[in-house]
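Step one of this worksheet: look at the structure below.
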Amino acid sequence: MNRAELADFLRRGRARLDPSDVGLTAGARRRTPGLRREEVAALAGMSVDYYARLEQSRGPRPSRQMLTALARALRLTDDERDHLFHLGGEEPPRRETASGHVRPGLLLILDRLHDTPAQLVTDCGEVLAQNTMAKALVGDVMSRPPRDRNLARLFFLDPTARALFPDEDRAAHARGHVASLRAVAAARPDDPEPAALVAELRASSEEFARLWDEHQVSQRDRATKRFLHPLVGLLELDCEVMLSHQHHQLLIVHTARPGTETYERLQLLRVVGLQDMSPSKA
């Protein structure tokens, strides 16, 4: 680990970003360009003290998960992300497999979607980033430990995971998770991530194991999904999925048709925001 170079790289990365680049409001009292330390820490999901020590060349060696979070918070390119990993004493993730690094362009799109729920996930279902409306709809997944951010794992192993969906829709959601994961596992037979997730879910969930043995396969695609929100009620949303094949990532956007009751409820949800919302179980 090169503490001095890492500290300098973090400081320069923070200074080159405007608050608007990450969906924040600048405010009136900002004296210096760039983000504040506390803003980077919040975007990366770490304490301000921990981040400050990294910038002061006195922090402990960051984990791979922490380096990934920092790369995302600072909107680093792939090459910059790899450099950050090297400075932190880690080998960068292989680019031919799924990556937790999100390209700055995708994050910029996410930040600009102010009035509709949107989130970035890997093809294995790992949530990488959410906008404010997505957190209001399904909860703040990014506040969870990294292991608890996978949608399939949460759906099959968390007893409250299905509360966001009507009873009659849950079987279809289960089949969709399994069929999508089977497609990913077949497409990347040498990647340990999907294989490990399949093995875990087959051992832990009888429902998953039964559906897996049916050998259905599909990829995530556009659909209409219904959500049971505890504050605004039933929402029937159109789900659009945009693919980034090179990085095995998906931008999932939920929209409501203007003039519908769901559209009005979605506007109410925008006002209500994160009020009284617990972390997502979906």
Filtering region 38-58 for residues that are outside any helix (DSSP H, G or I), more than 15 Å from the chain's Cα centre (by Cα) and either of a type in the set (Phe, Trp, Tyr) or under 19 Å from Pro19 (Cβ atoms) (or both) leaves a count of 1
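Just checking, which of Leu67, Leu108 is open to solvent by 30 Å² or more (accessible area, probe 1.4 Å) and either at pLDDT 90 or above or not in a loop (DSSP other than H, G, I, E, B) (or both)?
Values: Leu67 fails: open to solvent by 30 Å² or more (accessible area, probe 1.4 Å).
Just a single option satisfies the conditions, and that option is Leu108.
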Show me the strands (runs of 3 or more DSSP E) entirely contained within region 189-269 in which 3 or more residues are open to solvent by 50 Å² or more (accessible area, probe 1.4 Å).
223-229, 233-244
Which condition number in (1) assigned to a helix (DSSP H, G or I); (2) in contact (Cβ under 8 Å) with a residue 24 or more places away in the chain is the one that Arg61 fails?
(1)
Within region 70-96, the residues that are of a type outside the set (D, E, K, R) and open to solvent by 50 Å² or more (accessible area, probe 1.4 Å) are Thr77, His83, His86
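Scan region 74-85 for residues that are in contact (Cβ under 8 Å) with a residue 40 or more places away in the chain and over 17 Å from the mean Cα position of the chain (by Cα) and jot them down. Steps first, please.
In the first step, residues of region 74-85 are kept if they are in contact (Cβ under 8 Å) with a residue 40 or more places away in the chain; the result is 74-76, 80, 83-84.
Answer for region 74-85, where residues must be in contact (Cβ under 8 Å) with a residue 40 or more places away in the chain and over 17 Å from the mean Cα position of the chain (by Cα): Glu80, His83, Leu84.
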Residue hits (region 158-188; open to solvent by 30 Å² or more (accessible area, probe 1.4 Å) and assigned to a loop (DSSP other than H, G, I, E, B)) are Asp158, Pro159, Thr160
Examine region 123-132 for a residue that is modelled with pLDDT of 90 or more, among the hydrophobic types (A, V, I, L, M, F, W, C) and in a helix (DSSP H, G or I), and state whether such a residue exists.
no
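Looking at region 88-96, is at least one residue assigned to a helix (DSSP H, G or I) and touching a helix residue (DSSP H, G or I) at 6+ places or on another chain (Cβ under 8 Å)? So that I can check it myself, show each step before the final result.
Kept after step one, since they are assigned to a helix (DSSP H, G or I), are these residues of region 88-96: none.
Taking every residue of region 88-96 in turn, none turns out to be assigned to a helix (DSSP H, G or I) and touching a helix residue (DSSP H, G or I) at 6+ places or on another chain (Cβ under 8 Å).
Is it the case that some residue within region 37-55 is β-branched (Val, Ile, Thr) and modelled with pLDDT of 90 or more?
Residues of region 37-55 β-branched (Val, Ile, Thr): 40, 48.
From what's left, modelled with pLDDT of 90 or more: 40, 48.
There is at least one residue in region 37-55 that is β-branched (Val, Ile, Thr) and modelled with pLDDT of 90 or more.
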Residues of region 147-167 being acidic (Asp, Glu) and within 14 Å of Phe227 (Cβ to Cβ), in sequence order, are Asp167
Restricting attention to region 120-136, does a residue exist that is open to solvent by less than 30 Å² (accessible area, probe 1.4 Å), over 18 Å from Leu237 (Cβ atoms), of a type in the set (Gly, Ala, Ser) and without any contact (Cβ under 8 Å) to a residue 40 or more places away in the chain?
no
When region 40-51 is checked residue by residue, the ones that are surrounded by fewer than 20 Cβ atoms within 10 Å (Cβ to Cβ), without any contact (Cβ under 8 Å) to a residue 60 or more places away in the chain and out of contact with any Gly (no Cβ under 8 Å at 6 or more places or on another chain) are Ala42, Met46, Ser47, Val48, Asp49
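The values are calculated or read from the model by the stated rules, or taken from the named source; none is laboratory data. In this text, all values refer to a predicted model and were calculated from it rather than measured experimentally. Positions of Cβ are backbone-derived with ideal geometry, glycine not excepted, and every protein chain shown enters the neighbour counts. We work out accessible area using only protein heavy atoms, side chains counted, and drop any ligands, DNA or RNA first. Shrake-Rupley method; radii C 1.70, N 1.55, O 1.52, S 1.80 Å.
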